[in-house]
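**Student:** Have a look at this one before I ask anything.
Values in this text are rule-based calculations from the coordinates and carry no lab data. Since this is a predicted model, take the numbers as computed values, not measurements. Here Cβ is always computed from backbone atoms with ideal geometry, including for glycine, and neighbour counts include all displayed protein chains.
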Amino acid sequence: MSGVFTLKIDNTVKGLSANQLDAVTLLVSGMTYAEAAGRLGVSERTVRRYMADPAFKEALAILREQVSQMASNMLIARMANAVAVLVEIMQNPPERHGALRMNAATKILDYAFKVRNQDAAEGRLKRLEEAVAALGTPEEEQSVGAVISSLKEYGYGSDM
C-alpha cells in the first residue's frame, strides 16, 4: 500500500506483517477499525487483534507522533506568511476574499502558538522531571533548600 506517511519505526516494524503496517497507516489517517478492515480485506476483529499486539500499538503511537510533529512543523513554518496576510489585509483591505484570508491566517497563528506553547510546556516538564530525579530516592531526606537549589540548576525558581 502506498501511503502518505513514511514509517520511521524500523526497530518496531520488524515483527509486523505488511497488512499490519498498512493498518497502522490507515488508522493514523483517521479511519475507524471497520473502515481499515474493509480497505485491507480483513475482518474488524483482525484489526482489533492487531491493536492487542504491543509492537503494533508502538508503531501506531510512533507514526501518530510523527504525523503530529509534521503538522506542527507545517503550522510553525507558515506563521510568517499568516502574519504577512494579516498585515496586508490591515493595510489594504481587499474587496474580495479578505475575510476568508484573514480567518485562515488567524487560525494558522492560533494553532501555531498553541503548538509552540505545548512544546515549551513539554520541555519545562522534562526539565522538572530531571530535577526531581536528581534529588534521589524518596527515602533520602532532602531539605527545602536542597530542593530549591536543585530546581534552580534546571532553570526553575529563579525568583525563589
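**Student:** With the Cα gyration tensor of the range 68-136 in hand, convert its eigenvalues to equivalent ellipsoid semi-axes via √(5λ) and list them largest first in whole Å.
**Tutor:** On the way: eigenvalues 280, 20, 11 Å².
With the √(5λ) rule applied to the range 68-136, the semi-axes are 37, 10, 8 Å.
**Student:** Between ARG127 and ALA61, what is the label-point separation in nm under the 7 Å Cα-to-beta-carbon projection?
**Tutor:** My value for the distance between the label points is 2.6 nm.
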